[in-house]
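Reading through the structure tokens given below for one structure.
Readers should treat all values here as calculations from the given coordinates under stated rules, not as data from a laboratory. Only a predicted model underlies this, so the values are computations on that prediction, with no experimental measurement involved. Cβ: placed from backbone, ideal geometry, glycine included. Neighbour counts: every protein chain shown.
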Ligand SMILES: Cc1cc2nc3c(=O)[nH]c(=O)nc-3n(C[C@H](O)[C@H](O)[C@H](O)COP(=O)(O)O)c2cc1C
């Protein structure tokens, strides 16, 4: 058997296949379909200080090889998360990474302080694709702010801190470097890409919020190029996300330099995709005589 384990900072994942935030609920929803402990980890839906109903409809629109969403971080809020969702997550043997977001650095710190009071969490993914109310722009757009949020959260927890970067920027390498310099244990990339679609019969945007975030296979080459750029800029582990729907896609991300990957939109196409892809990855490693999946990571040949 090939060794499937990977290290993300001090965190050892049993394998490199994780479920992406917002596409896997709080874990319990999918646990009715299969044993989620088979996965390398679960990243929970973004949690905010207050419960959020999210954006008005329509919040989803299909596009070529992808979907647009404007869910608007609908979530149960930190109190309900701790009372209703965490007990199940705590019962799992797989790694649990809690994704958090806020409108200020204080919000992020508040959330970490609350979560640190409880067992069952292995790391935090910082969703930087949300507006900093004081500055207007998303946290993930400004290298100083992205760096600061990592530095401050690192002071509050010994657990893995994983900023999740937005692709809606000029140069992802600059943000990747800023979060590494400030102590990030790893980087997740990418979140959704700003997009829009119009119903030509009604002349109305397909999403209630007009614009939304594009995900699915349509964004995979963009995500891969961003992993490549980030890999050249930083040494910390990268978790590749964007349009993964097969073992071949996973291999592309690993070869380009990711240590692990997250499967997002494809969960809506085939909820069992993560465990099926994991099985295929295992078979691929066996057939090709890899002793460890780590041998694949960053094995890209560019000349
Ligand atoms: C419906 C939907 C909801 C999402 N919600 C979140 C979220 O709450 N927090 C977050 O960090 N990313 C969220 N994402 C982004 C995904 O985690 C992922 O980064 C992105 O969709 C790209 O991966 P994919 O193409 O495999 O879906 C969401 C994506 C979708 C499609």
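Give the residues of the range 148-190 whose amide nitrogen is closer than 20 Å to a point set 7 Å from the Cα of residue 292 in the direction of its Cβ. Flagged as within label range: 185-187.
Hey, what number do you get for the chain at 222 nm if only DSSP H runs of n ≥ 4 count, each worth -39500 (n - 2.57), divided across all residues, to the nearest 500?
That comes out to -8500 deg cm²/dmol.
Considering only 243, 195, 120, the Gaussian network model of the chain with Cα springs below 10 Å gives its largest mean-square fluctuation to 195. At an R0 of 25 angstrom, the distance between the Cβ atoms of residue 104 and residue 82 translates into a FRET efficiency of 0.75.
A simple spin-label model places pseudo-atoms 7 Å from Cα toward Cβ; at residue 1 and residue 198 they are separated by 5.6 nm.
Sorted into 10 angstrom bins from 0, the C-alpha pair distances of the range 1-87 split as 15, 35, 35, 14, 2 percent.
Counting every other Cβ atom within 10 Å of each residue's Cβ, 211, 226, 196 order from fewest to most as 211, 196, 226. Measuring between their Cα centroids, the range 124-183 and the range 66-120 lie 17 Å from each other.
Can you give the percent of C-alpha pairs in the chain whose distance is more than 36 Å? Don't skip to the end; give the middle numbers.
On the way: 4766 of 45753 pairs.
Pairs farther apart than 36 Å: 10 percent.
Sorting 164, 232, 294 from the fewest to the most surrounding beta carbons within 10 angstrom yields 232, 294, 164.
When the label point is put 7 Å from the Cα of residue 222 along its Cα-to-beta-carbon vector, which residues of the range 151-193 have a backbone N closer than 18 Å? Output list for this probe position: 164-176, 188-193.
Looking at the range 111-219, the DSSP beta bridges with both ends there are about 55 percent antiparallel.
Considering only 248, 288, 132, the mean-square fluctuation computed in a Gaussian network model of the chain, springs between alpha carbons under 10 angstrom, is largest for 288. Going by neighbour counts of Cβ atoms within 10 Å, the residues 219, 121 line up, fewest first, as 121, 219.
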